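Colleague: Have a look at this one.
Rule-based calculations on the coordinates, nothing more; no lab input. These figures come from a predicted structure and were not determined experimentally. With ideal geometry, Cβ positions are generated from the backbone for all residues, glycine too; neighbour counts draw on all protein chains shown.
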Amino acid sequence: MGRFFITEGNPHLNLMEEKNNPKEDYVVTPWEASGNIDYEDLIERFGTSHIDKELLDRIEDITGELHFMLAREIFYSHRDFNWILDEYEKGNHFAMYTGRGPSGHTHVGHLMPWIFAKWLQDKFDVELYFQLTDDEKFLFNFDMDQETTHAYALENALDVIALGFDPEKTHILIDTDYISTLYPIALKVAKRLNFSNVKAVFGFDNSTNVGSIFYTTIQSAPCFLPTELKGHDVPVVIPCGIDQDPHFRLTRDVASKIGYLKPALLHNKLAPSLDGTGKMSASMPKTTIFTTDTPEDVKSKLSNAFTGGCISAKEQREKGGNPDICAIQNYRYYIFEENDEIINDIYRRCRDGDILCGECKSQLIEKVNTFLKKHKKGREKAKDLLSDFLLTD
Ligand code: TRP
């Protein structure tokens, strides 16, 4: 038995092999997402659970309202979140953990799970641990040096702080600055994680650098950090993109063997890109909006976005547009419009040919620029607050 990897999902899952599988028309790994992602299929392949009506009702009973990302099934999958609520109701407060790989500036798609985490923090009054994995981005990106990934970690930290997290309850850790604390925990994980485990899940081979093979232990460590810091078992939930689940599936497999609670997860769908394909990605700067973009950048990117409009205004007035495939509509739906009535109204008017793409784009450009103006002010203020948030050895 020891020779075989054990995971909770499909034990034969090999993400990299699937990449070459002609039957799949999409790829989702922690490092790559492309194609037409089938989120229902991912639940099955990863072996996670739907956030169903019962769980939503349970959350709403406690929080008094549902965040739009829950109501719209953007956060749509979970592992053990019922258990987190059981513990919460017994008075055992959980901690949250999420993170970001600092390979560049933050884009608005990254903000999605963080905005949600902020809501959870406010509603449940819990602490958040936020990991910035400068080591990961150094190891996995051949052309990135350590100075660059560390500098981006500090830049990305400003974006987290700008969202208004409570400094008393929010702890940001940059891996290379906090490694003395993380390392003993990572070691415990490393001792129980075999090469065959990570190889099976990530498709590593003999040419993979050994840092990458070790890396999952570092991403696992913050799952157990609250327990170490508080000196007693602290349940942890990780709000994150479903693409990160493979790391945590491995973490969960080893948790009880090393005397820790398994972390629970809440998974979100990935924010769509402006060209109508795949997820927003820093490697596609023209179809991705960064928090550091100027109003002119935003205008130009959104003006060129893929929409469901017709070739001529006349035709669109007659036939209507197709909001289902429209990147502008998606941006509203995923991040920039909380109000369902507004979403539905624009949807209907698009279908009926009452609103054309130009007007629709202008509205969103204004909305995004208003958001970014405020966010940038928050980033400036955050520079003075950094030390209140950063955990260092
Ligand atoms: N690997 C993630 C990325 O590349 C960063 C990360 C570290 C993370 N810990 C996490 C993401 C916890 C979500 C939850 O972006």
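Colleague: If R0 is 45 Å, what FRET efficiency do you get for SER180 and GLU359 from their C-beta distance, rounded to 0.05?
Modeller: 0.20
Colleague: Efficiency by 1/(1 + (r/R0)^6): what FRET value for MET284 and SER49, r their Cβ-Cβ distance, R0 = 25 Å, to the nearest 0.05?
Modeller: After rounding to 0.05, the efficiency reads 0.20.
Colleague: Here is a follow-up. Listed highest first by mean packing, meaning other Cβ atoms within 10 Å per residue, what order do 157-165, 306-314 come in?
Modeller: 157-165, 306-314
Colleague: On to the next question. Report the relative contact order of segment 50-270, percent, no decimals, based on alpha-carbon pairs under 8 angstrom and at least 6 residues apart.
Modeller: In percent, rounded to a whole number, it is 27.
Colleague: Nearest 10 degrees is fine. How inclined is helix 340-351 to the longest principal axis of the chain, computing both from alpha carbons?
Modeller: For 340-351 against the chain, the angle is about 50 degrees.
Colleague: Taking 8 Å as the Cα distance limit and 6 or more residues as the minimum spacing, I'd like the relative contact order of segment 277-383 as a percentage.
Modeller: Worked out over segment 277-383, it gives 28 percent.
Colleague: Also, I was wondering about something else. Quick one: among SER212, SER273, SER256, which has the greatest mean-square fluctuation in a GNM of the chain with alpha-carbon springs under 10 angstrom?
Modeller: Most flexible of the set in this elastic network: SER256.
Colleague: Structure shown: which of LYS123/LYS381; LYS137/LYS383; LYS299/LYS319; LYS169/LYS286 lie over 30 Å apart, alpha-carbon to alpha-carbon?
Modeller: LYS169/LYS286
Colleague: While we're looking at this one, here's another question. Would you look at the GNM of the chain, springs on alpha carbons closer than 10 Å, and say which of PHE138, PHE371, PHE46 moves the most?
Modeller: Checking each option, the largest mean-square fluctuation is seen for PHE371.
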